Amino acid sequence: EIDGSNLRAIAVLRDEGACTTEIANDYAAFLDHALYLGASFCTTNPPLVDMAWKALPGKWDPVIQGIIRSHPEDSLEELSRLATLEIVGESLRLLRPIFLLTAGEMGCVCLQVNPHLDTADAMASEALWYYEQLRERLHGGVPNVRFKIIGTQAGLGAARILVGQGIGVTITVNFGMFQHIPF
């Protein structure tokens, strides 16, 4: 079934240089299956991380319970960040070989910062926290992550901060050229 799939055909055409289409897994779960279909990156956001947990409770319930036990005084927001770090970390691990083989051109996870943050500094601060946590897990290596930043004025400021530090971004909630052009 995989050999005859359209997704596989697109992946082969991409590999041969016949098209520039990349296949992504727009979900925080089942990336291992999407990789067989030719996916080369993953994008996610807080609701999708929650859906991944609900889709695979046998895998994630023990991890989340461990986080809660080891951080009993943390706020719900902090616990959510730690859970996101674990779930997204799994996708980063799966995509890491693609990232290394393509010198960082492919094989990344686009991770959206908390959509309720409304200042450039708050968005950038959260992205930098994730980046440093992932960097530690890679023993100083460059994390294969890009941060999804909302297409607002504050998002533009956050993007400038992150790109200024060599950290990749992608813009989300981008509905038209009026938002796209400033970025």
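Would you mind getting the accessible area per residue of region 28-171, heavy atoms of the protein chains only, 1.4 Å probe, in Å²?
50 Å²
Using a 10 angstrom cutoff on alpha carbons, build the Gaussian network for the chain and name the most mobile of Q112, Q165, Q153.
Comparing Q112, Q165, Q153 in the GNM, the peak value goes to Q165.
Which far-off residues, 5 or more places away or on another chain, put their amide H under 5 Å from the one on C110, with H placed in the peptide plane?
Residues meeting the criterion, in which the H sits 1.01 Å from N, are C42, T43, T44, R146.
Based on a Kirkwood Rh over C-alpha pairs, give the Stokes-Einstein translational diffusion coefficient of region 41-121 at 20 °C and viscosity 1.002 mPa s in µm²/s.
The Stokes-Einstein estimate is 154 µm²/s.
Ignoring ligands, DNA and RNA, what percent of the 1.4 Å accessible area of the chain is carbon and sulfur? If you can, show how the numbers build up before the last one.
On the way: 5830 of 10210 Å².
The nonpolar share, carbon plus sulfur, comes to 57 percent.
Mind listing the long-range amide H neighbours of C19? Cut-off is under 5 Å, sequence gap 5 or more, other chains count too, H placed in the peptide plane at 1.01 Å from N.
Here the answer is R14, since their amide H atoms fall under 5 Å of that of C19.
Express the Stokes-Einstein translational diffusion coefficient of region 48-174 in µm² s⁻¹, to the nearest whole number, given a Kirkwood radius over alpha-carbon pairs, 10 °C and a viscosity of 1.306 mPa s.
Diffusion coefficient, whole number: 104 µm²/s.
What is the sum of charges, Lys and Arg at +1 and Asp and Glu at -1, for the other residues whose Cβ falls under 12 Å from the Cβ of V63?
Around V63, the charge tally is -1.
Please give the per residue volume of the convex hull enclosing the alpha carbon atoms of region 1-92, rounded to a whole number of Å³.
It is 92 Å³ per residue.
Using 0.36 nm per residue of separation minus the Cα-Cα distance, give me the extension gain between L156 and Q65 in nm, one decimal.
Here the answer is 29.1 nm.
Output the antiparallel fraction of DSSP beta bridges having both residues in region 40-183, as a percent to the nearest 5.
0 percent
Mind listing which GluC sites (Glu not before Pro) in region 2-108 are in a DSSP loop and have 12 or fewer other Cβ atoms within 10 Å?
Loop-located and lightly packed - E73, E105.
The values are calculated or read from the model by the stated rules, or taken from the named source; none is laboratory data. This structure is a prediction, so every number in the text was calculated from the model and none was measured. Cβ coordinates were reconstructed from backbone atoms using ideal geometry, including for glycine residues, and neighbour counts include every protein chain displayed. What goes into the accessible areas is simple: the full protein's heavy atoms, side chains included, and nothing from ligands, DNA or RNA. Shrake-Rupley method; radii C 1.70, N 1.55, O 1.52, S 1.80 Å.
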